[in-house]
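Read-outs throughout are calculated quantities, based only on the coordinates presented, and are distinct from any laboratory measurement. All of these numbers come straight from a predicted model, not from anything done at the bench. Cβ coordinates were reconstructed from backbone atoms using ideal geometry, including for glycine residues, and neighbour counts include every protein chain displayed.
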Amino acid sequence: MSLAPERSFTIKDVVTDFLASAPPLEALADYRLPEALQQRAHDLLEKNRHGSLTEDERVEMEAFRDMDHLLTLVKTKARLRLQTQT
């Protein structure tokens, strides 16, 4: 019996799984990436500063940037809705 290799989760997987769980507005407003992904983003930024990113890492860093932009919009809208509810 062979075991399937462990799947590597991307930032898109993690964020879309969270959003698909239909979290309440409070959870959306307070959402933070898991520590491991935060560390990965930091590592990619450091490598970028030193000019040592591979092409795959550059693509990964762009995915982080795109998800950061999306999360900023979602979190801002969630906070605005929370303010109007009070």
State whether one or more residues within the range 11-23 are surrounded by 10 or more Cβ atoms within 10 Å (Cβ to Cβ), without any contact (Cβ under 8 Å) to a residue 12 or more places away in the chain and hydrophobic (A, V, I, L, M, F, W, C).
-> no
Checked the range 45-68 for anything surrounded by 10 or more Cβ atoms within 10 Å (Cβ to Cβ) and not charged (D, E, K, R); matches are L45, N48, L53, V59, M61, A63, F64, M67
If a residue has to be small (G, A, S) and assigned to a helix (DSSP H, G or I) to count, how many in the range 17-32 make the cut?
-> 3
Can you tell me which residue in the range 53-86 is nearest to V14 (Cα to Cα), limited to those that are hydroxyl-bearing (S, T, Y) and either assigned to a helix (DSSP H, G or I) or in contact with a helix residue (DSSP H, G or I) (Cβ under 9 Å, 6 or more places away or on another chain) (or both)?
-> T72
